[in-house]
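Just below is one structure, and these are the notes that go with it.
The values are calculated or read from the model by the stated rules, or taken from the named source; none is laboratory data. Only a predicted model underlies this, so the values are computations on that prediction, with no experimental measurement involved. Reconstructed Cβ throughout: ideal geometry from the backbone, glycine too, with neighbour counts over all protein chains shown.
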Amino acid sequence: MIDNLPTYISLTFGLTTIVTLLLFTWTIRNSKSEQTRKKTTPIFIGLTIWLSIQAVLTLKNIYNFETNTFPPKIILTGILPTILTIILLFVTSKGRQFIDSLPLKNLTYLNIVRIPVEIILFWLFLNKAIPELMTFEGRNFDILAGITAPIIAYFGLTKTKLSRHIILIWNFICLVLLLNIVVNALFSAPSPIQKFAFEQPNIAILNFPFSWLPTFIVPIVLFGHLTSIRQLLKPKY
């Protein structure tokens with residue numbers, strides 16, 4: 001854990017992680033497919049176990065120890081498994097059935113979690129745990145995705161005042177915003193691939209509970225965008 005970090009920052013981030021888990025569970029539970037809805041509890045349990053594993057790895061300083069190893073441990077045991085899981089869902093028939101059954105509106109509302117995440121990142125910067133470039137005062141404009149998400153969900157998917165084309169463009173823009181902060185976060189963390197922010201590296205993601213950001217919250221949001229884009233690109237009959 002990060003020394004001298006105000007407790008409210010860790011608590012707020014922990015709550016944000018729980019909200020992300022609950023929103024994703026809510027999304028699955030609201031699926032149009034009964035088969036998908038039946039998977040709600042197993043997926044919830046699986047994700048809870050995954051969060052617990054990441055918590056243990058971080059609390060045991062696995063990610064924080066010998067940061068000069070390649071590939072970085074957090075990528076190998078925290079990020080890569082989530083990416084492989086997403087790929088598996090998109091390349092298998094059962095996986096595609098699952099993602100195609102998820103409600104687009106719920107997936108869009110899921111992006112609201114990006115608002116507290118960005119506020120927490122700013123707090124972490126003020127406490128010298130991440131560089132300024134990872135905040136909305138630097139290169140990170142991801143908060144815009146969180147602010148606009150309920151607008152897109154309500155007017156685009158509840159009231160159907162926005163075309164699917166606009167919603168698709170919004171998803172692509174927000175995906176770019178997400179990838180932007182991911183790249184900046186990875187290349188500013190202490191590791192052999194660090195490229196910038198040497199004066200104040202991104203140490204937060206190597207510490208509990210903030211390791212949940214790249215190993216859980218970001219993959220969930222990424223999955224949401226990819227799923228939404230797939231659904232929006234499919235012809236609507």
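Odds and ends about this structure:
- Residue in the stretch 161-215 that is nearest to Gly146 (Cα to Cα), counting only those that are of a type in the set (Phe, Trp, Tyr), touching a residue at least 12 places away in the same chain (Cβ under 8 Å) and in a loop (DSSP other than H, G, I, E, B): Phe210
- Evaluation of Glu132 against (1) at pLDDT below 95; (2) touching a Ser or Thr at 6+ places or on another chain (Cβ under 9 Å) (one fails), failing number: (2)
- Among residues of the stretch 45-70, those that are of a type outside the set (S, T, N, Q) and either touching a Leu at 6+ places or on another chain (Cβ under 7 Å) or touching a residue at least 60 places away in the same chain (Cβ under 8 Å) (or both), counted: 8
- Of all positions in the stretch 18-32, none carries a residue that is charged (D, E, K, R), surrounded by 14 or more Cβ atoms within 10 Å (Cβ to Cβ), in contact (Cβ under 8 Å) with a residue 24 or more places away in the chain and closer than 20 Å to Pro103 by Cβ.
- Listed by position, the helices (runs of 4 or more DSSP H) enclosed by the stretch 45-139 that each have at least 2 residues that are crowded, with 21+ Cβ neighbours inside 10 Å are 104-109, 114-126.
- Subset of the stretch 140-160 (residues that are more than 18 Å from the chain's Cα centre (by Cα) and in a loop (DSSP other than H, G, I, E, B)): Lys159, Thr160
- Within the stretch 152-161, the residues that satisfy the criterion of being surrounded by fewer than 17 Cβ atoms within 10 Å (Cβ to Cβ) and either within 11 Å of Asn111 (Cα to Cα) or in contact with a helix residue (DSSP H, G or I) (Cβ under 8 Å, 6 or more places away or on another chain) (or both) are Thr158, Lys161.
- Test: Lys38 is touching a residue at least 40 places away in the same chain (Cβ under 8 Å) and among the charged types (D, E, K, R): no
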